[in-house]
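Contents: one structure, followed by commentary.
Derivation of every value follows stated rules applied to the coordinates shown; laboratory data play no part. Quantities reported herein were computed from a predicted structural model and do not represent experimental measurements. Note that we place each Cβ from the backbone using ideal geometry, even for glycine, and neighbour counts take in every protein chain shown.
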Ligand code: TNX
């Protein structure tokens, strides 16, 4: 049945005459991620001097003018997640086939509006990939609900639509599980270098899920098994093959812990945890980790992955695993592999990733050398944090330009456009303790990743860089504490 629902039509034509901006210095208004098509006309729409009240303000955060025509219409024939946007001298119309598309159009309109004025323009736009993600590691350091909401606000501006939460690791277990309460009673009190840790109650987690959903972002929970499990093992020694609780861990090494693969108790544990996580998670995916299980033998790893993934599939979710899970030939159909190795795959990493495609799944690209937001920036004598924050193992430091200049469909033979579910930018938090640190590492590199995830292939740095400079103005307005890297000719901040 064709749907032609008009979601919202707000017509505010109360003033008599059309606004005429006089003496306004026009700045170029551009959008990140780059739209599929944008054609500028002449003239401007002036929403300045209006009050920040009313329905448009609520939807867009912009002041409304009582003399502008604002139409947000649902039910068009745009592509899924896409929109068309038209600014004229007396109003703006955003049209989409679905609500995420309308939301995306609103994000573009915000970027088109500088000091309350937007150029006349027409945009037709839709995403290259359906999965456009960010990942936040809340296990190495814990980030409380307001911090996560702030990061959700930040990534929504860039039309990202998934937030993957890395909820468990050696250093902490961050989600309340009623049937195994010591996971958080004991396993949540640690984090890298101490300081107490923390965890989400179920109410907290629901609050995050709902807040994300209000911005059309879906939460992907990760329970990382069978390695990266020291926090769980220290809470429940029965999950360890020798039955002895290991000491809590607050360092940054990886690859030393494993659930006991041949114990039935391990699968009872996993079934309970997955059931409770699935109950809290409306989205289609659960991420089971599976990376760097260096303390698990190959045969044990394969036995574990086969059982753990079929168990999770029985709870009705599509499984995502780090690409090592592609060592298994027994993945449930449609399992998604997340690739973390380099843009030029080393050793068998490419083959393991291709194995997901061979088993009917697709791939999320997160190449460590370009998409890992915890890699250091190139050293900058003016900014001490470029040498304080971040790791370098994935060919770091990583510049903004490096984060921009890669094509996800050209990295692994056999994995092209059709085999990709999308792109994700992870941020691991071994060296990051506060949301300000997260914003500094993420912005502006995450803008580069978001453009790769949304925009048609073939962008160029020389065209992207001035748009990024202009985007800085919006980051300033939103209070995002981004890194004003010397790679970009930022527009002077208003004093
Ligand atoms: C690798 S790549 C990890 C994480 C670390 C990260 C630090 C992958 C799936 N795992 O355990 O936190 O490097 O950059």
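Potential lengthening of the chain between residue 264 and residue 145 amounts to 39.4 nm, from the contour at 0.36 nm per residue minus the alpha-carbon distance. Taking 0.36 nm per residue of separation and subtracting the Cα-Cα distance, full extension of the segment from residue 210 to residue 476 would add 93.1 nm. Highest-first packing order for the peptide set 379-389, 221-231, 448-458, 420-430 is 221-231, 420-430, 448-458, 379-389, based on the mean count of other beta carbon atoms within 10 Å.
Here the contact order of the range 116-164, divided by its residue count and restricted to Cα pairs under 8 Å and six or more residues apart, works out to 56 percent.
Which shape class applies to the range 380-495: rounded if a/c is under 1.5, otherwise prolate when a/b exceeds b/c and oblate if not, where a ≥ b ≥ c are the square roots of the Cα gyration tensor eigenvalues? Let's see the in-between values first.
Details: a/c = 1.97, a/b = 1.36, b/c = 1.45.
Oblate is the answer for the range 380-495, as a/c is 1.5 or above yet b/c matches or exceeds a/b.
How tilted is helix 349-358 with respect to the longest principal axis of the chain? Cα atoms for both, answer in degrees (0 to 90, nearest 10). The two axes meet at around 80 degrees.
Pairs of Cα atoms nearer than 8 Å and 6+ residues apart set the relative contact order; for the chain it is 13 percent. With each label modelled as a point 7 angstrom along the Cα→C-beta vector, the residue 330-residue 436 pair spans 5.1 nm.
For residue 254 and residue 79, the FRET efficiency from 1/(1 + (r/R0)^6), where r spans their Cβ atoms and R0 equals 45 Å, is about 0.65. For the chain, the fraction of alpha-carbon pairs lying more than 36 Å apart is 32 percent, rounded to a whole number. Along the Cα-to-Cβ line of residue 153, 7 Å from the Cα, sits a label point; which residues in the range 413-446 have backbone N less than 20 Å from it? The answer is 433-446, whose backbone nitrogens lie closer than 20 Å to the label point.
I'd like the antiparallel share, as a percent to the nearest 5, of DSSP beta bridges with both residues in the chain. Expressed as a percentage, antiparallel bridges in the chain total about 40. In this simple spin-label approximation, residue 407 and residue 130 carry label points 7 Å from Cα along the Cα→Cβ vector, and these lie 2.3 nm apart.
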